[in-house]
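S.K.: Here it is, the structure in full.
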Amino acid sequence: MGTRKTFGRPSADIDLDLDEGTEWESPITGKTYVFKLIKVHSSKIPTSVTVSSLNPRNQQHLSLADVSDLYPLIKAEKGNTFPVRAVGTKDELTILEGSRRSYCVSKIEDAYLNVLLTPEMDLKDQAHIATIADIYRKPTTIDVALHIEKEGLQDKSHQQIADMLKISKTTAFNAKKILSIPQELYSLFPGLSYITVRFLTSLKGKEDELGEIINACSAFTEHLTPDELEQHNSGTLLNSDIYTKAAKAVEKEITEYIKKPSKQFELPPSYAPLASVKGVKIATNASGEVKLTLSKELAEGKAEQLRAILES
């Protein structure tokens, strides 16, 4: 059988011989690896396939909405056209690239994940593939933030993180900026790719309010029409424009919730007479503390009397 070129991916530099496998020379270490094409049934992906920890794309929050650009074609083909590169054995392999493709196949009954497999690889070369592979759709800033947290890179500089993950310094800066945002917030959205960086950075400094916000604000499903919700609940992938519109509605609801006036606490009835005194302002907060503000004239004339009252 002849060879074929895996166009459109970083593995495009590999000429694949389907019978004998193919050799690939790493541009990092100069080492040569032999890859062979294997197929993994979709039912075995959960137990046989692991995504490399070197790959910055987060798997916990990956959703069908995040792969809406790939899923229809992969479903129609019953598998991925472009193989993913992996290390290990057919029964236990770690994919270095193509985690979105693997996720798609895992959601399709009787489909196959096409994998270019080599038994072992230098960690430097694994890191190279894992960080440059997803050129079609790069990991989101949230993916990067979650990767920084998982790998304990918080103390690294923006430039160091950018160099390690092959991302821009701006992306590294924004990723570190949103590290304090609780992950529960992300569950309100269709997927990480539908949350804008500008929205997330606007939440910086409001972390103490986010617990209340998450409980008070609606998830994206509340912004779907009845028909859209029925399709979504049945596992049908909706148009990405529908997810985008719902995500923007969630962002708007959260933003408006933050901007609303702070809750006003009622003054205990026993303090009401003071409020009618000229030159006196009285207020209370959530802790029940009472703040008494006197005009300059009143304070000067009543200072001794107030001291006597407070000390009594």
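S.K.: Tell me, what is the FRET efficiency for Ala216 and Ser270 to the nearest 0.05, using R0 = 35 angstrom and their Cβ-Cβ distance as r?
M.R.: 0.65
S.K.: Tell me which aspartates and glutamates have Cα within less than 12 Å of Lys176's Cα, excluding those fewer than 8 residues away on the same chain?
M.R.: Within reach: Asp143, Glu149, Asp155.
S.K.: Please list, in order, the residues from the range 25-41 whose amide nitrogen is less than 16 Å from a point placed 7 Å along the Cα→Cβ vector of Gln59.
M.R.: Counting backbone N atoms under 16 Å from the label point, the list is 40-41.
S.K.: How would you rank 137-144, 224-231, highest first, on the average number of other Cβ atoms within 10 Å across their residues?
M.R.: Ranked from most to least packed, the peptides come out as 137-144, 224-231.
S.K.: From the Cα trace of the range 139-240, what convex hull volume per residue do you get, rounded to a whole Å³?
M.R.: For the range 139-240, the hull spanned by Cα atoms encloses 120 Å³ per residue.
S.K.: So, one more: Is there a pair in Lys39/Lys124; Lys260/Lys281; Lys39/Lys138; Lys78/Lys124; Lys44/Lys150; Lys90/Lys124 whose C-alpha atoms are over 28 Å apart, and which pairs would that be?
M.R.: Listed pairs above 28 Å: Lys78/Lys124.
S.K.: Another question about this same structure. R0 = 45 Å: FRET efficiency of Asn233 with Asp163, Cβ-based, nearest 0.05?
M.R.: 0.55
S.K.: Under a cut-off of 13 Å between alpha-carbon atoms, report the aspartates and glutamates in cross-link reach of Lys248, not counting same-chain residues fewer than 8 places apart.
M.R.: Leaving aside aspartates and glutamates fewer than 8 places away in the same chain, those within reach of Lys248 are Glu222, Glu256.
S.K.: Using the beta-carbon distance between Lys302 and Glu256 and R0 = 35 Å, what value does 1/(1 + (r/R0)^6) give for FRET efficiency, to the nearest 0.05?
M.R.: Calculated value: 0.20.
S.K.: Short version: ³J(HN,Hα) in whole Hz for each residue of the range 111-118, in order, from phi by Karplus 6.51 cos²θ - 1.76 cosθ + 1.60 (θ = phi - 60°), x for Gly and Pro, what are they?
M.R.: 10, 10, 8, 7, 10, 8, 10, 10
S.K.: Based on alpha-carbon centroids, what's the gap between the range 39-72 and the range 209-264 in Å, whole number please?
M.R.: 25
S.K.: Separate question: If I model a spin label at Lys281 and Glu207 as a point 7 Å from the Cα along the Cα→Cβ vector, what separation in nanometres do I get?
M.R.: 3.2
S.K.: How much length, in nm to one decimal, is gained on full extension between Glu311 and Lys107, taken as 0.36 nm per residue of separation minus their Cα-Cα distance? Present the calculation step by step, with values, prior to reporting the outcome.
M.R.: Details: separation 204, 0.36 × 204 = 73.44 nm, distance 7.31 nm.
Taking 0.36 nm per residue and subtracting the Cα distance, the gain is 66.1 nm.
Every read-out reported here was derived from the displayed coordinates using simple, explicitly stated rules and does not represent laboratory data. For clarity, every value in this text was computed on a predicted model and none was experimentally measured. Cβ coordinates were reconstructed from backbone atoms using ideal geometry, including for glycine residues, and neighbour counts include every protein chain displayed.
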